[in-house]
């Protein structure tokens, strides 16, 4: 699915009574490119705007399973054992089973002891993994979440410029909560967005 566009965001904003000419394409594009999309990719540790390359150093655990930081794995490029100095051993990728959706590498073990394949040997940052990950196209729910988050930021931006407030027959009402105009709508958009993104979040922490 194509990436979110200013028109997608503007269409959602029209449901809140926002004229399509209030925000320029340049403002919405900058918000998507510089804020919303990087934030979504950071909290999910995934790439939705094309296939990306990751180089990670992991601590060997002495087991047959290694969990990478990002997913889904598209292709395993190389695994190197960093043994100190220039001493590097490269593992044959044919020895590795890749569980793409879960970001897991499994060392294939032959039960004939003469042909046991090496496990991920114990050590600190001794395993260097190079791989590609992410999505070539946006999943529909991720695209929807990005649009929601961009619309929430747009409502905040417009509210700060207009000053908020409702004019009624009795008086001027300025009770919009702690965050100003459209507080509840913005919170609701954010809640919907994070609900859609929840299944993509790995719970891992890192760069």
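The values are calculated or read from the model by the stated rules, or taken from the named source; none is laboratory data. Treat the numbers as computed from the prediction; the structure is a model and nothing was measured. Methodologically, a virtual Cβ is constructed for each residue, glycine included, from the backbone with ideal geometry; neighbour enumeration extends over all protein chains shown.
Results, tabulated for the structure shown:
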{"quantity": "Residue check for residue 78: over 19 Å from the mean Cα position of the chain (by Cα) and touching a residue at least 24 places away in the same chain (Cβ under 8 Å)", "calculated": "yes"}
{"quantity": "Scan of segment 56-67 for residues that are part of a strand (DSSP E or B) and either free of Cβ contacts under 8 Å to residues at least 60 places away in the same chain or surrounded by 14 or more Cβ atoms within 10 Å (Cβ to Cβ) (or both), ordered by number", "calculated": "56, 58, 65, 66, 67"}
{"quantity": "Candidate set from segment 137-163 (those that are at pLDDT 90 or above and under 13 Å from residue 22 (Cα atoms)); member that is surrounded by the most Cβ atoms within 10 Å (Cβ to Cβ)", "calculated": "151"}
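Here is a yes/no grid of residues against (1) modelled with pLDDT under 95; (2) assigned to a helix (DSSP H, G or I); (3) closer than 30 Å to residue 156 by Cα:
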position: 16; (1), (2), (3): yes, no, yes
position: 19; (1), (2), (3): yes, no, yes
position: 30; (1), (2), (3): no, yes, yes
position: 48; (1), (2), (3): yes, no, yes
position: 69; (1), (2), (3): yes, no, no
position: 76; (1), (2), (3): no, no, no
